[in-house]
Amino acid sequence: MSRPGVYLSGVERTFGADEIIVSKTDTKGRIIYANEVFLRMAGFTEGEILNQPHSIIRHPDMPRCVFKLLWDTIETGKEIFAYVKNRSKNGDHYWVLAHVTPTFDKSGKIVSYHSNRRSPRRDAVAKAEALYQELLAIENGHDDRKVGMETAFQAVVAKLQGAGVPYDEFVFSL
């Protein structure tokens, strides 16, 4: 699946198991820090990426409802883990196991978000990819994008309730 105007090469990039992709965003999701591994994998220079929305690397195969879950979680001050398929500037893609946490000031107010991404297990990627295809089909089955995203989000919530596990536990079970 591809958004109009979004080039996808079909080539998957990988990074070392000992490497960590690190980025920080402001509370609006604009990148304020990106480490060398992030820049290499995403294919951007620091000048190109700073102050850009983190969604600049969003792959169209990623369901929007996953990002809704992510934002809903971190905006409440909690951490979240998620498998994410990202898109490089040149259209390549790469999978990560992301750990996103809020950063607080001395008064307890969220001032930014920090994300560490590690190289994921291939078997977990296959399971995440199957789930994401299912969620994308739900999202794309509605003419109204917001309704599609909300319907897919409710499908994720129902799946978690049916399994009797919180989201993080579900992610680690993949």
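Quick rundown of the values:
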quantity	calculated
Test: residue in region 104-114 that is farther than 16 Å from residue 56 by Cα, touching a helix residue (DSSP H, G or I) at 6+ places or on another chain (Cβ under 9 Å) and of a type in the set (D, E, K, R)	no
Matching residues, region 84-136, being within 16 Å of residue 23 (Cα to Cα) and hydroxyl-bearing (Ser, Thr, Tyr)	88, 94, 101, 103, 112, 113, 115, 119
Candidate set: region 2-23, residues that are modelled with pLDDT of 95 or more and among the hydroxyl-bearing types (Ser, Thr, Tyr); chosen: the one nearest to the chain's Cα centre (by Cα)	23
Qualifying residue in region 119-135 (condition: among the charged types (D, E, K, R), open to solvent by less than 20 Å² (accessible area, probe 1.4 Å) and not in a loop (DSSP other than H, G, I, E, B))	no
Any chance residue 148 is exposed (fewer than 11 other Cβ atoms within 10 Å of the Cβ) and out of contact with any Pro (no Cβ under 7 Å at 6 or more places or on another chain)	no
Filtered residue count, region 31-47, keeping only those that are under 22 Å from residue 103 (Cα atoms) and in contact with a strand residue (DSSP E or B) (Cβ under 6 Å, 6 or more places away or on another chain)	7
Scan of region 156-174 for residues that are surrounded by 12 or more Cβ atoms within 10 Å (Cβ to Cβ), in contact (Cβ under 8 Å) with a residue 40 or more places away in the chain and assigned to a helix (DSSP H, G or I), ordered by number	156, 167, 168, 171
Any helices (runs of 4 or more DSSP H) falling wholly within region 1-109 and containing at least 2 residues that are touching a residue at least 24 places away in the same chain (Cβ under 8 Å) and buried (at least 16 other Cβ atoms within 10 Å of the Cβ)	36-42, 64-74
Residue 119 vs. criteria touching a residue at least 60 places away in the same chain (Cβ under 8 Å), in contact with an Asp or Glu (Cβ under 6 Å, 6 or more places away or on another chain) and among the small types (Gly, Ala, Ser)	no
Sole exception among (1) in contact with a strand residue (DSSP E or B) (Cβ under 9 Å, 6 or more places away or on another chain); (2) at negative phi; (3) not small (Gly, Ala, Ser) for residue 68, by number	(1)
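Residue-wise test of (1) under 12 Å from the mean Cα position of the chain (by Cα); (2) closer than 29 Å to residue 15 by Cβ; (3) modelled with pLDDT of 95 or more.
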position	(1), (2), (3)
91	no, yes, yes
99	yes, yes, yes
109	no, no, yes
112	no, yes, yes
139	no, yes, yes
157	no, no, no
164	no, no, no
167	no, yes, no
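The values are calculated or read from the model by the stated rules, or taken from the named source; none is laboratory data. Model, not experiment: these values are computed from the prediction. For neighbour counting, all protein chains shown are included, and Cβ atoms are generated from backbone atoms with ideal geometry for every residue, glycine included. Ligands, DNA and RNA are excluded from the accessible area calculation, which covers all protein heavy atoms including side chains. Shrake-Rupley method; radii C 1.70, N 1.55, O 1.52, S 1.80 Å.
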